[in-house]
1. Using only alpha carbon pairs under 8 Å that are at least six residues apart, calculate the relative contact order of the range 26-148 and give it in whole percent.
2. To make sure I understand, if each residue's beta carbon is the centre and we count other beta carbons within 10 Å, what order do HIS164, HIS225 fall in, fewest to most?
3. Just to be sure I follow: if Rg is taken over the C-alpha atoms of the range 99-149 and Rh is the Kirkwood radius over the same atoms, what is Rg/Rh?
4. Over the chain, with a Gaussian network built from C-alpha contacts below 10 Å, which listed residue (LEU132, LEU162, LEU106) shows the highest mean-square fluctuation?
5. Give me the net charge for the shell around ASN120: Cβ to Cβ below 14 angstrom, other residues only, Lys and Arg +1, Asp and Glu -1.
6. Please list, in order along the range 246-257, the HN-Hα scalar couplings obtained from phi with the Karplus expression 6.51 cos²θ - 1.76 cosθ + 1.60 (θ = phi - 60°), rounded to whole Hz, x for Gly and Pro.
7. Helix-only mean residue ellipticity at 222 nm, the chain, DSSP H runs n ≥ 4 weighted -39,500 (n - 2.57), per residue, nearest 500. What is it?
8. Among ILE50, ILE204, ILE275, which one moves the most in a GNM of the chain with springs linking Cα atoms closer than 10 Å?
Amino acid sequence: MSRIPFFLTCIFLCAIVTTGKGIASPDSTRAFSLFARGEFFKASVEFERIAFYETNNQRIAWYRYYKALCYKEMNETNKALNELETINLFPSPDSVFLRIKYEQALCNYLTGNIPQALWNFDEIHMRFPDTLKTVNILPLQILCLNADRQWNSALAGWNYLLDHSTLAETDRSALRKELTVMYSRKYLPRYRKPERAENWSRFIPGSGQLYCGSVGEGSVNLLIHLSLLGFAGWEFYSHCWVTGYFVGLGLFNKFYHGGMHRAYLLAMQKNAEQIRLFNEKNSALMIRSLGNNTSEHLHSQNP
């Protein structure tokens with residue numbers, strides 16, 4: 001069994017893969033051996049080679065799945081997604097479909113494409129209407145729902161996960177109370193509208209940064225604008241029209257439009273940071289309370 005590095009926000013979510021004995025052919029031994037040794041680039045080349053010559057559709061799907069895992073291990077998540085999208089899932093059995101769609105959702109989550117990750121989960125639920133069969137994908141789905149600010153759905157996912165966990169009833173009750181506090185309005189991540197931050201800086205330079213919580217940056221930004229306006233006014237008063245226009249007003253114009261754009265980006269960064277911290281708390285809570293039980297089903301499915 002190979003050892004896959006854990007990600008910070010979903011440490012327990014990365015599937016632990018096996019040597020693929022169930023689908024291995026004589027030609028695939030070298031590929032799985034390279035994968036097990038952590039030689040992911042060589043393994044990806046080998047998986048591509050054997051997939052090219054393979055005629056069994058199920059084996060082709062698994063070889064490309066493992067090639068995508070190689071890319072993910074090399075921190076090339078976009079390449080992993082592209083590889084997963086080439087897999088023909090129409091004739092695939094349920095186990096293949098679930099593992100590949102779960103991996104697509106994970107990669108989309110890691111690249112920040114939350115809507116697509118949620119769509120991957122919708123595809124899984126359309127294939128498996130019985131939610132008991134997919135309870136083990138809930139941890140990652142909860143993180144995606146948090147990132148999309150769907151708090152009620154995320155909390156409902158938590159409750160469903162707890163209902164089907166192996167925790168003692170007292171532990172469940174304590175965890176539910178903790179989640180109720182965590183998902184209360186007071187403790188939810190604050191959302192700063194990027195358009196509002198940009199508009200505030202449009203009328204009062206630096207105010208957009210203040211709206212985002214960056215008091216120091218907003219104050220400096222306002223001071224720079226006032227200084228440039230003062231410099232331009234003094235130059236005009238001194239009849240230095242060229243320096244007043246090109247240096248004073250020219251720089252003011254650059255800082256003015258740059259400040260608006262900066263306020264927009266800062267709001268987005270602050271929102272992403274708040275979600276990241278909130279999901280870290282969720283992940284830590286899942287690991288502490290549920291351990292590896294949340295992904296046991298996915299981990300135990302040999303391809």
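A short reminder: the numbers here are calculations on the coordinates, not readings from a lab. Bear in mind the structure is a predicted one, so any value in this text is a computation, not a measurement. FYI the Cβ positions are ideal-geometry reconstructions off the backbone, even for glycines, and counts take in every protein chain you see.
1. Numbers: 127 pairs, mean separation 20.0, N = 123.
Reported as a whole number, the value is 16 percent.
2. Details: HIS164 13, HIS225 19.
Least crowded to most crowded, the residues run HIS164, HIS225.
3. Values: Rg = 10.0 Å, Rh = 10.7 Å.
In the range 99-149, Rg relative to Rh is 0.94.
4. LEU132
5. Numbers: positive: ARG99, LYS101, ARG127; negative: GLU85, GLU103, ASP122, GLU123, ASP148.
Neighbourhood net charge equals -2.
6. Rounded to whole hertz, the list is 6, 7, x, 6, x, 5, 4, 4, 5, 5, 5, 6.
7. Values: 14 runs with 200 residues, N = 303.
After summing the helix terms and dividing by residue count, I get -21500 deg cm²/dmol.
8. In this elastic network of the chain, the residue with the biggest mean-square fluctuation among ILE50, ILE204, ILE275 is ILE204.
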